[in-house]
Amino acid sequence: MKTFYVLCALMLANLSMAQTFNEALKKASHTDKPILLVFAGSDWCAPCIKLDKEVFQTEEFEKEQAKWVLYKADFLKKSKLTASVKKENGQLADQYNPEGYFPLVVVLNSKGKVLGKLGYSKDTPADYIKKLRAFIQ
């Protein structure tokens with residue numbers, strides 16, 4: 001039964017995630033919510049996969065996600081990305097992740113200004129969420 005709830009949460013998380021970064025900025029601006037910009041390599045980066053599983057796929061984060069506008073810049077190696085997605089991800093990386101860290105969670109205000117950055121850490125979901133919230137207080 002718990003697996004069913006986790007799968008439902010994943011489907012809801014995917015539905016609430018913006019499709020383009022411009023869409024994320026517009027949504028953040030209209031709702032005055034901060035943006036979580038996640039740089040990941042979800043099909044090759046072990047810490048990225050751990051962060052997704054240990055934080056973003058949890059019930060704690062499911063309750064938290066309504067407070068954010070989510071956007072994932074995924075740098076896949078095993079799967080193909082469209083040219084437009086590759087281009088947008090590259091531009092986002094140039095602007096917000098020039099060091100090329102994976103995973104990297106960038107907390108932005110509703111106008112796209114960087115408030116803080118966080119990588120993978122072996123925290124509980126609640127502790128990781130506290131770290132994210134600290135950037136917006």
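Restricting to region 74-101, give me the number of residues that are among the aliphatic types (A, V, I, L, M), closer than 25 Å to HIS30 by Cα and open to solvent by 40 Å² or more (accessible area, probe 1.4 Å). Before you say what the answer is, go through the steps one by one.
Residues of region 74-101 that are among the aliphatic types (A, V, I, L, M), as a first pass: 76, 81, 83, 85, 92-93.
Then keep just the ones that are closer than 25 Å to HIS30 by Cα; that gives 85, 92-93.
Still in the list and also open to solvent by 40 Å² or more (accessible area, probe 1.4 Å): 85.
The qualifying residues number 1.
Is there a residue being at pLDDT 95 or above and not in a helix (DSSP H, G or I) anywhere in region 53-63?
For region 53-63, residues at pLDDT 95 or above and not in a helix (DSSP H, G or I): present.
Just give me the residues in region 19-35 being over 14 Å from LYS72 (Cα atoms), open to solvent by 60 Å² or more (accessible area, probe 1.4 Å) and either aliphatic (A, V, I, L, M) or assigned to a helix (DSSP H, G or I) (or both), in sequence order.
Residues satisfying the conditions are LYS26, LYS27, SER29, HIS30, THR31.
Look through region 36-50, keep the residues that are in contact with a Cys (Cβ under 7 Å, 6 or more places away or on another chain) and touching a residue at least 40 places away in the same chain (Cβ under 8 Å), and return whichever of them is surrounded by the fewest Cβ atoms within 10 Å (Cβ to Cβ).
GLY41
Restricting attention to region 51-73, which residues are open to solvent by 30 Å² or more (accessible area, probe 1.4 Å) and in contact with a strand residue (DSSP E or B) (Cβ under 6 Å, 6 or more places away or on another chain)?
Of everything in region 51-73, just one residue is open to solvent by 30 Å² or more (accessible area, probe 1.4 Å) and in contact with a strand residue (DSSP E or B) (Cβ under 6 Å, 6 or more places away or on another chain), namely LYS72.
The values are calculated or read from the model by the stated rules, or taken from the named source; none is laboratory data. What you are looking at is a predicted structure, and each value in this text was computed from that prediction instead of being measured. Note: ideal-geometry Cβ built from the backbone for every residue, glycine included; neighbour counts use all protein chains shown. Each accessible area value is taken on the protein alone, full model and side chains, heavy atoms only, with ligands, DNA and RNA left out. Shrake-Rupley method; radii C 1.70, N 1.55, O 1.52, S 1.80 Å.
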